[in-house]
1. Long-range amide H contacts for B:Ile13: which residues qualify at under 5 Å (H placed 1.01 Å from N, peptide plane, sequence gap of 5 or more or a different chain)?
2. Given the peptides A:53-63, B:237-247, arrange them by the average over their residues of other C-beta atoms within 10 Å, most packed first.
3. In whole percent, how big is the carbon plus sulfur part of the accessible area of the protein assembly as shown, probe 1.4 Å, protein atoms only?
4. Nearest 100 Å² is fine: what is the total accessible surface buried where chains B and A meet, probe 1.4 Å?
5. Count, for each residue of A:90-97, the Cβ atoms from other chains sitting within 10 Å of its Cβ, then give me the mean as a whole number.
6. For the protein assembly as shown, report the accessible area per residue in Å² (1.4 Å probe, heavy atoms, rounded to an integer).
7. For segment B:319-331, what does the Karplus curve 6.51 cos²θ - 1.76 cosθ + 1.60, with θ = phi - 60°, yield as ³J(HN,Hα) per residue in whole Hz, taken in order and with x for Gly and Pro?
8. Compute the distance from the alpha-carbon center of segment B:265-298 to that of segment A:41-96, in whole Å.
Amino acid sequence: MSFRSIFVISALSIMLVSALPFFERSEGNAIASEKQETALTMKADTNHLSGINLFIARLYNEDRVLYATMVTLVMAVLGTFLAFVTDLILKALGLEVSRISHRE
Amino acid sequence: MDIFNIYLPVAGIEFNVVLLILIGFCVGVLGGFFGVGGGWIVTPALNIFGFHMAFAIGTDLSNIFGQTIGAVKKHQKMGNIDWKLGLISIATSIVGLEIGSDVIIALEKAGDVGMIVRWCYMLLLWGLGSYMLHDYFATRPKEDDDIDRAGARTPANKSGQQKPGISERLHRITLSPMVSFPASGIDEVSIWIILLIFLFTGFLSGFLGVGGGFIIMPALVYLIGLPTAVAVGTSLVTVLFSGAYGCLTYALKGRVEIIAAMIMLIGASIGAQVGSTAVKYIKGYGIRLLFSVMIIFAGFSVATEQAYKITQNQTFQTFAGVVLMGTALSMSVIIIGKLVADARKERDKSSIIKKHH
């Protein structure tokens with residue numbers, strides 16, 4: 001890949017990303033964010049929550065150690081699982097890896 | 001874009017799912033390819049789009065932990081990890097990190113430490129980026145040139161002799177005890193040199209408040225003399241451990257938004273696998289070229305952030321985020337493009353050979 005193409009791609013990407021700040025932030029989002037900026041509330045608001053969101057918010061409020069353990073375990077298990085699935089897909093696409101020779 | 005917004009119960013905000021996956025994917029590609037965590041991209045990006053800074057850091061570290069597991073596994077398969085060196089790096093960097101953070105606390109009493117840190121950060125990013133660019137143009141191997149040591153090479157002088165590189169000079173210091181790192185192809189080096197290097201990289205991490213992947217990777221190449229692919233893999237070991245520790249400690253402090261981290265991890269895990277696979281196809285000097293361009297752009301982002309702190313003009317801060325995300329996105333596109341092109345080339349080559357037979 002030539003330098004010219006590298007810079008063209010970089011310029012295009014920067015232009016594309018320039019549009020990202022215009023993603024509309026909802027009013028509720030902005031207010032919540034502002035509230036968090038001033039004082040980081042250590043309790044999650046469980047009003048109007050249901051299902052998995054309610055479970056997570058309750059766990060966060062009631063047992064921080066269990067919440068931390070769950071976060072760490074979930075990230076490890078999900079990370080391993082997703083890596084495994086992606087690896088299978090890449091293999092199917094012919095992008096299998098094996099021991100490589102270290103050429104500079 | 002509101003249809004993609006979801007409510008994040010712990011952070012108490014709404015966030016765009018597509019944006020989360022996109023940020024995760026970009027940082028995953030860069031992490032797997034360069035051996036960095038990518039916190040310097042994710043944290044400001046999440047913060048710009050509405051996350052409180054503490055939540056942005058905690059969520060980012062959790063994502064780094066998850067994405068690095070797969071990347072480490074893949075690099076291990078490719079023989080890119082020197083576990084012995086990686087574990088020494090973790091142990092020594094912690095000491096350096098403590099010294100670095102102590103210096104920051106001492107400077108805090110003297111005045112605006114943020115300004116000093118940002119100047120140092122800019123100098124480091126631009127200095128390192130320029131050096132790596134210079135190294136690329138001076139020592140880029142010609143076609144079919146198999147050279148194992150990138151950092152050990154420097155351009156030939158007028159008489160045509162190769163000057164010893166920094167790592168070669170460091171390897172000549174015979175201060176016992178000497179150690180070897182067979183996985184990296186290093187026969188003998190003083191342990192004191194290794195400890196000093198990691199102490200220094202740890203110090204920089206603590207001083208600049210960064211994870212350290214982007215400091216460790218070039219240090220492994222240019223100071224210790226590892227092949228670039230091994231430096232990437234070994235650097236990821238350090239990133240994995242710091243990510244795991246960061247994930248746990250920030251979650252204990254209640255600063256991890258688990259839903260956001262999980263969604264980001266979907267993009268990041270895919271990205272990390274793609275990035276790691278690309279290391280197989282792109283040669284060491286190509287990795288170093290892209291890395292140098294990336295950190296030079298990161299330096300521009302820090303400079304813009306500095307301009308914001310001085311002028312308090314919000315435009316500068318937004319621009320800093322745009323530069324960071326733009327760099328991450330363009331690098332990801334380049335890496336994927338190169339991966340696809342080289343994989344195709346390899347497939348065509350092997351099909352021609354098969355036809356021949």
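1. Those qualifying (amide H under 5 Å, at least 5 residues apart or on another chain) are B:Leu8.
2. Details: A:53-63: 16.5, B:237-247: 23.2.
Ranked from most to least packed, the peptides come out as B:237-247, A:53-63.
3. Answer for the protein assembly as shown: carbon and sulfur cover 65 percent of the accessible area.
4. Working: alone 17310 and 9860 Å², together 20900 Å².
Heavy-atom accessible area buried at this interface is about 6300 Å².
5. Mean shielding by partner chains, rounded to a whole number: 5.
6. 45
7. 4, 4, x, 5, 4, 4, 5, x, 4, 4, 5, 5, 5
8. A separation of 26 Å, based on Cα centres.
The values are calculated or read from the model by the stated rules, or taken from the named source; none is laboratory data. Since the model is a prediction, treat every value here as computed from it, not as a measurement. We place every Cβ from the backbone using ideal geometry, glycine too, and count neighbours over all the protein chains shown. With ligands, DNA and RNA removed, areas are computed over all heavy atoms of the protein, side chains included. Shrake-Rupley method; radii C 1.70, N 1.55, O 1.52, S 1.80 Å.
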